[in-house]
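Read the figures in this text as sums done on the coordinates, not as results from a lab. Because the structure is a prediction, the values reported are computed rather than measured. Note that we place each Cβ from the backbone using ideal geometry, even for glycine, and neighbour counts take in every protein chain shown.
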Amino acid sequence: MKTIIISPFSRFMRNGQLNPKNYPYWKELVGMLKEKGYYVIQVGIDGEAVIGADEFVKNPSLKTLKKMINECFIWFSVDNFFQHLAYLLNKKGIVIFGQSDPIIFGHNTNINMLKDRRFLKPLQFDIWERSIFSEDIFPKPEEVMEYFNKMEGEK
């Protein structure tokens with residue numbers, strides 16, 4: 001069975017609000033991936049929401065995370081540390097962007113999904129606490145699956 005890793009969240013916000021980088025449709029997307037027969041592993045830290053994956057690996061060491069990335073079929077994340085580590089390991093994946101600009105923060109080896117550039121925050125290097133979470137700025141799970149299906153066919 002092929003494994004998919006999902007790093008679904010960016011850091012907790014200091015002001016207690018939802019992080020505007022966090023994709024709101026993980027449960028739906030995970031359900032679609034599991035329907036296709038994939039084993040889905042969520043990686044994250046204590047306190048993060050469960051997204052319906054088959055397994056949740058909390059607080060993995062860097063060594064463990066590297067091993068998981070190298071062994072997985074593909075991975076998904078938001079704009080967080082995970083996509084940069086996977087890039088360093090030369091492992092292609094899908095990054096779902098909302099308000100941060102994939103031209104600045106993404107890697108061209110990945111599929112960088114952005115619903116529309118009009119949703120990008122105007123000051124890309126400003127603190128995230130000044131941005132407001134909105135689920136409307138993200139692509140729907142069906143759109144993400146279209147890109148995944150293309151990528152799956154290439155492997």
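How much length is gained if the chain between PHE133 and PHE81 is pulled fully straight, taking 0.36 nm per residue apart and subtracting their Cα-Cα distance, in nm to one decimal?
The PHE133-PHE81 span can extend by a further 16.8 nm.
For the chain, what is the calculated [θ] at 222 nm in deg cm²/dmol (nearest 500), taking -39500 (n - 2.57) for each run of four or more DSSP H residues and dividing by its residue count? Spell out each step's value before the answer.
Details: 5 runs with 46 residues, N = 155.
Calculated at 222 nm, the ellipticity per residue is -8500 deg cm²/dmol.
Please list 3J(HN,Hα) in residue order for the stretch 84-94, calculated via the Karplus relation 6.51 cos²θ - 1.76 cosθ + 1.60 where θ = phi - 60°; whole Hz, with x for glycine and proline.
My calculation for the stretch 84-94 gives 6, 5, 4, 4, 4, 8, 6, 10, 6, x, 10 Hz in order.
How far apart, in nanometres, would the label points at GLU143 and PHE56 be if each is projected 7 angstrom from Cα along the Cα-to-Cβ direction?
2.8 nm
Students often forget the sequence filter, so: which aspartates and glutamates lie under 17 Å Cα-Cα from LYS34 once same-chain residues fewer than 8 apart are removed?
ASP54, GLU55, GLU142, GLU143, GLU146, GLU152
Using amide H atoms built 1.01 Å from N in the peptide plane, name the residues 5+ places from PHE12, or on other chains, whose amide H lies under 5 Å from its own.
Long-range HN contacts for PHE12: none found.
Quick one: 3J(HN,Hα) in Hz for the stretch 18-31, Karplus 6.51/-1.76/1.60 with θ = phi - 60°, rounded, Gly and Pro as x.
Working through the residues one at a time gives 5, 6, x, 7, 7, 5, x, 10, 4, 4, 5, 5, 4, x Hz.
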